[in-house]
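Q: Take this structure first; my questions come after.
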Amino acid sequence: MEITIFLAQFWGSLFMILGGLSMGAKLLGRIIGYTEDRAITIATGYITFLLGLATVVAHNVWVADWRVAITILGWVTLFKGIEKIGFPERINKKAKMFRSGQVFWGGIIFLIGAWLFWMSF
């Protein structure tokens, strides 16, 4: 259970910070712009891949409660990293769909983070 709490606090904090920055400083729009550069997309893909892999290795827990959200987040992050490394041009096309609603999606990211952080206490 200790790793679950750590990961919920880690991912929750990260999502609240990124979500808040996306709403206030339009961070999501800048990140979407970075996806036009294949080298940046691939480099961040390795980071994403490693975060996902570490989460899956440390917390591959399939239970019928809130902890499964961390496992699903780990797997989604792992596959997202693989996609960014292997298919960077697809990432740019997908990212452009979120440009117009970046404040909305920033809010969603923030709320997911707040929920994860809340569940860790």
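The values are calculated or read from the model by the stated rules, or taken from the named source; none is laboratory data. All of these numbers come straight from a predicted model, not from anything done at the bench. In this analysis, Cβ positions are derived from the backbone assuming ideal geometry, glycine residues included, and neighbour counts consider all displayed protein chains.
Q: Among the residues of segment 14-27, are any part of a helix (DSSP H, G or I), at pLDDT 95 or above, under 17 Å from Val76 (Cα atoms) and out of contact with any His (no Cβ under 6 Å at 6 or more places or on another chain)?
A: yes
Q: Taking only segment 57-71 into account, find how many residues are exposed (fewer than 13 other Cβ atoms within 10 Å of the Cβ) and either of a type in the set (A, V, I, L, M) or outside any loop (DSSP other than H, G, I, E, B) (or both).
A: 3
Q: Report yes if Gly106 is modelled with pLDDT of 95 or more, crowded, with 18+ Cβ neighbours inside 10 Å and in contact with a Ser or Thr (Cβ under 7 Å, 6 or more places away or on another chain), otherwise no.
A: Here the answer is no, as Gly106 does not meet what is asked.
Q: Do you know which residues across segment 1-53 are touching an Asp or Glu at 6+ places or on another chain (Cβ under 8 Å) and small (Gly, Ala, Ser)?
A: Gly45
Q: Taking the condition of a type in the set (A, V, I, L, M, F, W, C), part of a helix (DSSP H, G or I), at pLDDT below 95 and surrounded by fewer than 18 Cβ atoms within 10 Å (Cβ to Cβ), does Phe79 pass?
A: No: the conditions fail for Phe79.
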